[in-house]
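Q: Mind having a look at this structure? Questions to follow.
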Amino acid sequence: MKISPLPRGVKKVTLTAVDSHGNKATRQFDLTYDKKPEYDSLFDLNNDGVIDNTDVQYVADKVAALPLGR
Ligand SMILES: [Ca+2]
């Protein structure tokens, strides 16, 4: 996700996961965009030294596993 065209500041991020049956789970969180992102091991969920789609997919899978309506 490229956010560099956006003005800096707090952004609301919405993540929606959809399973093969069409069930959806959505979560929102705030993201502060204030400078070029730096590597943060907190978000490197598979500890490979890169924050990429694999880490995002891990979070999406966790969100999709949550009961709907929470
Ligand atoms: Ca990673």
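Coordinate-derived values only; no laboratory data. These numbers come from a predicted model, not from an experiment. Quick reminder, even Gly has a Cβ in these numbers, built from the backbone with ideal geometry, and neighbours come from all protein chains shown.
Q: Which cross-chain or sequence-distant (5 or more) residues have an amide H under 5 Å from the amide H of LYS11, H modelled 1.01 Å from N in plane?
A: Hits under the 5 Å cutoff: LEU31, THR32, TYR33.
Q: Quick check: net charge around VAL13, other residues with Cβ under 12 Å of its Cβ, Lys/Arg +1 and Asp/Glu -1?
A: +2
Q: Shifting gears a bit: Taking θ = phi - 60°, what integer Hz values does the Karplus form 6.51 cos²θ - 1.76 cosθ + 1.60 yield along the range 38-51, in sequence order, with x for Gly and Pro?
A: 10, 4, 10, 4, 4, 9, 8, 5, 9, 6, 9, x, 9, 9
Q: Now, a different point. Per-residue ellipticity at 222 nm for the chain, helices alone: DSSP H runs ≥ 4 residues times -39500 (n - 2.57), over residue total, nearest 500 deg cm²/dmol?
A: When only DSSP H runs of four or more count, the value is -6000 deg cm²/dmol.
Q: Further question on the same structure: Take every Cα pair under 8 Å in the chain that's 6+ residues apart, average their separations, divide by the length, and report that relative contact order as a whole percent.
A: Once normalised by length, the contact order is 31 percent.
Q: Bin by bin, in steps of 10 Å, what percent of the Cα pairs in the chain do you find, going until the bin that has the longest distance?
A: Reading the bins upward from 0: 17, 43, 33, 7.
Q: HN-Hα J couplings of the range 52-64 from phi, Karplus 6.51/-1.76/1.60, θ = phi - 60°, integer Hz, Gly and Pro as x?
A: 9, 4, 4, 5, 5, 5, 4, 5, 4, 5, 5, 5, 5
Q: Any chance you could run the full-extension gain for ALA64 through LYS12? It's 0.36 nm times the residue separation minus the Cα-Cα distance, nm to one decimal.
A: Separation in residues times 0.36 nm, less the Cα-Cα distance, equals 16.8 nm.
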